[in-house]
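Just below is one structure, and these are the notes that go with it.
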Amino acid sequence: MKKVFELDFRGRKLVVEHGELAKQASGAVLVRYGDTVVLSTVVVSKNANILSDFFPLMVLYQEKLYSVGKIPGGFIKREGRPTENATLAARMIDRPMRPLFPENFRNEVQIVNTVLSVDQDNSPEMAAMFGSSLSTCISKVPFDGPIAGVKVGRVNGEFVINPTKEQSEISDIDLTVAGTKTAINMVESSASEASEEDMLEALMFGHEAIKELIEFEEKIIAEIGEEKMEYEVLDIPENFKQEIKGLVGEELNKAFHIKDKLESYAAIDKIKEEIVLKYEEENQTLEDSELKELLTKVKLVLEEIEYEIFRNIVVKEKVRADGRAMDEIRPLSTDIDLLPRTHGSALFTRGQTQALSVVTLGALGEHQILDGLSIEDEKRFMLHYNFPQFSVGETGRYGAPGRREIGHGALGEKALSRVIPSEEEFPYTIRVVSEILESNGSSSQASICAGCMALMAAGVPIKAPVAGIAMGLITNGDDYTILTDIQGMEDHLGDMDFKVAGTKNGICALQMDIKIKGITKDILKEALAQAKKARMQILDVIKEQIEEPRKEVSKYAPKTMTFMINPNKIKDVIGKGGEMITKIILEASHVNAVTDVNAVKVDLEDDGRVIIYHSDQEIIDTTANMIKDIVREVEDGNIYTGKVVKVEDFGCFVELWPGCEGLVHVSHLAKERVEKSSDIVKVGDEIVVKSLGYDKKGRLNLSRKEAMK
């Protein structure tokens, strides 16, 4: 039976329908938020791979272009691989949900959100997050939810929940926050240099709205929720755990205190391998399946012991593996202009994390085209993040960027986009590529620092330098410790990854993921304050390397000239079939084909703005003059010098400038009577003429006789 549930959520209707669609899924709901419609389903496998060392959860967010009345662009007219936005939306749903599944649950779970209709004022991502939580909670899948998420904006100083498209455009905070009824467990934000106090207030404002959504979910779950399934787990006796702990506890403790990352990892791996080998050799009489199960138990216990030892070292002993204080940043070093032919480059090293960022400047016509569900269909500034396996001393897959690379790149892009100059101030498409050369903790924040310096080295007039830092949280019972500048092990075995990027004036980007059920306002406040202190230290180091953006772009970057013409003249500059603009490009650039890399680039905007790009200023000037000649308008009564281009008996045609010709009638060639035009002028002569204006057919009339007066 179809059931419908409604909530008036902050002035907009949220409707949940259940029982009509996707009835063979383990759980399914249709969420209507305004005219946005998302189908959220969850399916759980019947059997569990209890010997697996991870929980196989997959969250998908499927954008259907029919939802906004679009047909996919390109040759293949169907949706292909997920867009970056779809990938980021899927990650945003996964992050608050994953920590709430039972730790020993190993059945495969797939959560699929299909976007069926999109109202730009009502976020499909937030509807999908709500639907993902609700469909899981009403199903038999064990899940310690519900969770919900909202977007928070700030318009004219007032916080707004799930701002409309119009509100988002003028909002100085773009925050997505998710959590349970009692705590926040996921944050994603960008802001125009918001203060720590304002960001904390926005987070708490969002959490109050989350509580309303969760209360609505709980009512629905109470009415239609299923009983949770029994699931198979790998049973590990306590005495077995103590046995292994007695064998490795002391040695692992020593290995954790080794300062060098690779040396410490190698020592830990060696201890674990020796223990696994010991149990394998001592149990050769077991069946293969029994031996595999035993060795899996050994490995899981070793991970648990690692976890306990690490927490004890940090929280109880107040010691970090590399000897730093809890709020201490690893050694920093910077460099710029490493790559002579790029438009801008910078290297940022923090401990054993190293990022090389490279800036490329291009014409506005080189914007990235977006084939997605939003109204915005192009992007002028982009940051791409690459994480090769050699950066952590490993071999591995090389290919298209994965979810992690897309997510880290998007975070860096959010942070730096807030200081990028407007198109009018700096008419370029800007691409930053971050190559991670070494990694041991928060390479995304190193990318922001390196990207900031590379932009300044490239001559991009950013509003202020930006730096980023990653904070960690280690809990042990009621005790907790916040760590500044976490490294790989602290991230892997810790409870929180809290990244903050911003200028000296405030926060530009914020991201938080946690592995526990949530964190309190006090922890958030402390983490933000500690992050601000670290950010200021990094900004000082950046400013020592390069204090402000260079005044000029690189000699290898395209120079630019911008001027306005009458919009009605754009068609004249382009010409029939593009003949005129092609002629301008070829003649000004001295090339044979428009596709030649040395050809000048010309962007013509609808408002009459002309933007010319080339590395040679002389070619830019030549191009500008040719365009200005075409759009110049002849003024009645003015005197001009022109060239005779054609002579007829009834008069001669005179070119005042390229694209502008007029007729001097034979009666206007001289003061005296003239029989034939050729008696006075010939092709190639330069003569002075006066404009008599245009006739009814739009032809320009000129007079040599009047000019002679």
Evaluated at 25 °C with a viscosity of 0.890 mPa s, what Stokes-Einstein diffusion coefficient in µm²/s does the range 238-316 have when Rh comes from the Kirkwood expression over alpha-carbon pairs? 185 µm²/s
If you keep only loop residues by DSSP, which trypsin sites (Lys or Arg not before Pro) in the range 369-439 have at most 12 other Cβ atoms within 10 Å of their Cβ? R397
Check each of the trypsin sites (Lys or Arg not before Pro) in the range 584-684 and keep only those in coil by DSSP with at most 13 other C-beta atoms within 10 angstrom; list them in order. K671, R673, K676, K682
Both in Å, the radius of gyration and Dmax of the C-alpha trace of the range 639-708 are 10.8, 31
Qualifying trypsin sites (Lys or Arg not before Pro) in the range 209-316, DSSP loop, other Cβ atoms within 10 Å at most 13: K228, K259
Could you give me the ³J(HN,Hα) list for the range 468-483, computed from phi with Karplus coefficients 6.51, -1.76, 1.60 and θ = phi - 60°, whole Hz, x at Gly and Pro? x, 9, 10, 10, x, 9, 10, 10, 8, x, 7, 7, 8, 9, 9, 10
For L262, project a label point 7 Å along Cα to C-beta. Then give me every residue of the range 422-461 with its amide nitrogen under 18 Å of that point. 436-441
On each of the three principal axes the extent of the alpha-carbon atoms of the range 136-275, given in whole Å and largest first, is 61, 45, 21
In terms of the Cα gyration tensor, with a ≥ b ≥ c the square roots of its eigenvalues, is the range 1-134 rounded because a/c is under 1.5, prolate because a/b exceeds b/c, or oblate? oblate
proj_area_mean for the range 363-497 (convex hull on C-alpha atoms), units nm², value 10.8 nm²
Estimated vicinal HN-Hα couplings, Hz - the range 663-672 in sequence order (Karplus 6.51, -1.76, 1.60; Gly, Pro = x): 9, 9, 5, 4, 6, 10, 7, 8, 5, 8
Model label zone, R12; criterion: amide N under 13 Å from point 7 Å along Cα-to-beta-carbon; scope the range 151-186: 151-153, 160-169
Determine the relative contact order of the chain: mean sequence separation of Cα pairs under 8 Å and six or more apart, normalised by residue count, in whole percent. 10 percent
Distance in Å, no decimals, from the C-alpha centre of the range 396-469 to the one of the range 485-560 is 12 Å
Just tell me which lysines come within less than 28 Å, Cα to Cα, of K709; anything on the same chain fewer than 8 places away is out. K643, K646, K671, K676, K682, K690, K696, K697
(1) 31.3, 101; (2) 25.0, 83; (3) 33.3, 125: which one is Rg and Dmax of the Cα atoms in Å as calculated from this entry? (3)
Sites removed, the longest contiguous part of the chain containing no DSSP-loop chymotrypsin sites (Phe, Trp or Tyr not before Pro) with at most 14 other Cβ within 10 Å is 76-397
Quick one, can you get me the convex hull of the C-alpha atoms of the range 53-201 expressed as volume per residue in Å³? 147 Å³
Which residues' amide hydrogens lie under 5 Å from the amide hydrogen of G27, considering only partners 5 or more residues apart or on another chain, with H built in the peptide plane? V42
Restricting to lysines 8 or more places apart or on different chains, can you count the pairs in the range 108-226 with Cα atoms under 26 Å from each other? 11
Quick calc, M204 & E303: beta-carbon distance into FRET formula, R0 41 Å, rounding 0.05, result 0.70
Which ³J(HN,Hα) values in Hz, rounded to whole numbers, follow from the phi angles of the range 611-627 under the Karplus curve 6.51 cos²θ - 1.76 cosθ + 1.60, where θ = phi - 60° and Gly and Pro get x? 10, 10, 10, 5, 6, 9, 5, 4, 5, 4, 4, 4, 4, 4, 5, 5, 5
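Every number in this text was worked out from the coordinates using simple rules, so none of it is lab data. Computed from a predicted model, the values in this text were never measured in an experiment. Heads up, the Cβs are rebuilt from the backbone with ideal geometry, glycines too, and the neighbour counts pull from every protein chain shown.
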